[in-house]
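Quick notes on the structure that follows.
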Amino acid sequence: MEYQNKSLRKAFEIIESLCAKPMTATELSKKLNLNPSTLHRFLANLEAMGYTEKLKNNQVRLTQQFIQLGKMAQAHYDVEALAKPYLKKLADSTGESVLLSSFHQFKVTYLDKIESSQTVRIVLGPGSHAPSYAVASGKLFLSQLSPEQLDDFFANTELKAYTKNTFADEVQLRKELVHIRAQNYAIDEEEYEIGLKGFAAPIREATGTMIAALSVAGVSLRFDDEKSKATIEQLLHYAELISIDLGWKR
């Protein structure tokens, strides 16, 4: 049985039409044979989500946010292939699980993972999601947002305390994000689950934009000060190598 959502299909027909060129609502209505009031509802939703904007001549066009989506989608194909050998090397050198993750609409999605050789290890795998403010990779992504994007995140996110260490207070989380941005890496100190610790470093494409995060995670008891320091050094090293392969220049 085929499952088709007519509204979703119509939304993409509007988007595909606007990909060709900006159009007025009247032009779109005629092109798609769509009732003007119905079209208005679709356009109002797309504009509210930041995907379209109305120009002074009343034409509607796709925003830079759509361009960024395309760049991120394309980067996933590149970054997963390029990162794979580095993930393996990092897993071998640390003896811990190594993950590659992306970020969209304030959510962290794990793209790839190399399992730890340890008996006790984390269970997150490709396709899994995690609350951005409670894991190292998510906090790293949040630290890269513009002030406006960060305000939007806080306006639309309920901060839940998963453990006693979770940054569930907006003021404290904002301070943490400033610190993370300055040092260029993030640490999860048992903030999502007691007993688990994580580290994350940014992967950047040619323009310097962070498009993915490289992470090391494992049982917190295994990370004394010496191992934590060594893990951060290796993590930054391999994240930089992947970024360079993607065209980034220091």
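The values are calculated or read from the model by the stated rules, or taken from the named source; none is laboratory data. This one's a predicted model, so the numbers in the text were calculated from it and none came from an experiment. Don't worry about glycine lacking a Cβ; one is built from the backbone with ideal geometry, like all the others, and counts go over all protein chains shown. Heavy atoms of the whole protein, side chains included, go into the accessibility calculation; ligands, DNA and RNA do not. Shrake-Rupley method; radii C 1.70, N 1.55, O 1.52, S 1.80 Å.
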For the stretch 29-52 the number of residues that are polar (S, T, N, Q), closer than 27 Å to ASP152 by Cβ and surrounded by 15 or more Cβ atoms within 10 Å (Cβ to Cβ) is 1
Residues within the stretch 127-151 that are touching a residue at least 12 places away in the same chain (Cβ under 8 Å) and in a helix (DSSP H, G or I), tallied: 12
Can you find even one residue in the stretch 64-87 that is at pLDDT below 90, within 21 Å of MET23 (Cα to Cα), crowded, with 16+ Cβ neighbours inside 10 Å and within 19 Å of the chain's Cα centre (by Cα)? yes
Please return the ranges of helices (runs of 4 or more DSSP H) entirely within the stretch 1-62 where 1 or more residues are β-branched (Val, Ile, Thr) and farther than 26 Å from GLN105 by Cβ. 25-32
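A quick yes/no check of all residues on (1) charged (D, E, K, R); (2) surrounded by 17 or more Cβ atoms within 10 Å (Cβ to Cβ); (3) within 26 Å of GLU115 (Cα to Cα):
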site: LEU140; (1), (2), (3): no, yes, yes
site: ASP169; (1), (2), (3): yes, no, no
site: GLU176; (1), (2), (3): yes, yes, no
site: TYR185; (1), (2), (3): no, yes, yes
Return yes when LYS160 is among the charged types (D, E, K, R) and crowded, with 16+ Cβ neighbours inside 10 Å and no when it is not. no
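One line per residue, one yes/no per condition, for (1) open to solvent by less than 50 Å² (accessible area, probe 1.4 Å); (2) modelled with pLDDT under 90:
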| position | (1), (2) |
| --- | --- |
| SER7 | no, yes |
| GLU13 | no, yes |
| LEU18 | yes, yes |
| LYS21 | no, yes |
| GLU27 | no, no |
| LYS54 | no, yes |
Quick one: ALA201 ticks every box in (1) modelled with pLDDT of 95 or more; (2) open to solvent by 60 Å² or more (accessible area, probe 1.4 Å); (3) under 15 Å from the mean Cα position of the chain (by Cα); (4) not aromatic (Phe, Trp, Tyr) except a single one, so which number is it? (2)
What number goes with the only condition from (1) over 19 Å from HIS104 (Cβ atoms); (2) among the β-branched types (Val, Ile, Thr); (3) within 19 Å of the chain's Cα centre (by Cα); (4) modelled with pLDDT under 95 that ILE187 does not pass? (4)
Got a number for residues in the stretch 224-237 being open to solvent by 40 Å² or more (accessible area, probe 1.4 Å) and in a helix (DSSP H, G or I)? 8
LEU221 buried (at least 21 other Cβ atoms within 10 Å of the Cβ) and not small (Gly, Ala, Ser): no
Neighbours by Cβ (under 8 Å, 6+ apart or cross-chain): first from the stretch 194-214, on the phi > 0 side of the Ramachandran plot; second at pLDDT below 95 and open to solvent by 40 Å² or more (accessible area, probe 1.4 Å): GLY195/LEU221; GLY208/TRP248
